[in-house]
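Nothing in this text is a laboratory measurement; each read-out follows from the coordinates by a stated rule. Owing to the predicted nature of the structure, the values given are computational and were not obtained by experimental measurement. Counting neighbours? That spans all protein chains shown, and the Cβs are built from the backbone with ideal geometry, glycine included.
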Amino acid sequence: MRVRITLECTECHQRNYNLTKEKKNHPERMETKKYCRFCQRHTLHKETK
């Protein structure tokens, strides 16, 4: 079952991305470097509730 997740920028705390992931295969919280349009650079984004 795929669940919807939201990624939040760790620097400005804006929620920029909505994704889906397979919770059975990846139960841990996702972290990835993505572009933040508010910071105007690539920053670390973490999964929120």
Just give me the residues in region 12-33 being in contact with a Leu (Cβ under 8 Å, 6 or more places away or on another chain) and of a type in the set (D, E, K, R), in sequence order. Arg15, Glu31, Lys33
In region 30-49, the residues that are over 9 Å from the mean Cα position of the chain (by Cα) and under 13 Å from Arg4 (Cα atoms): Lys49
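Tally up the residues in region 1-31 that are farther than 18 Å from His42 by Cα and free of Cβ contacts under 8 Å to residues at least 12 places away in the same chain, please.
Result for region 1-31: 4.
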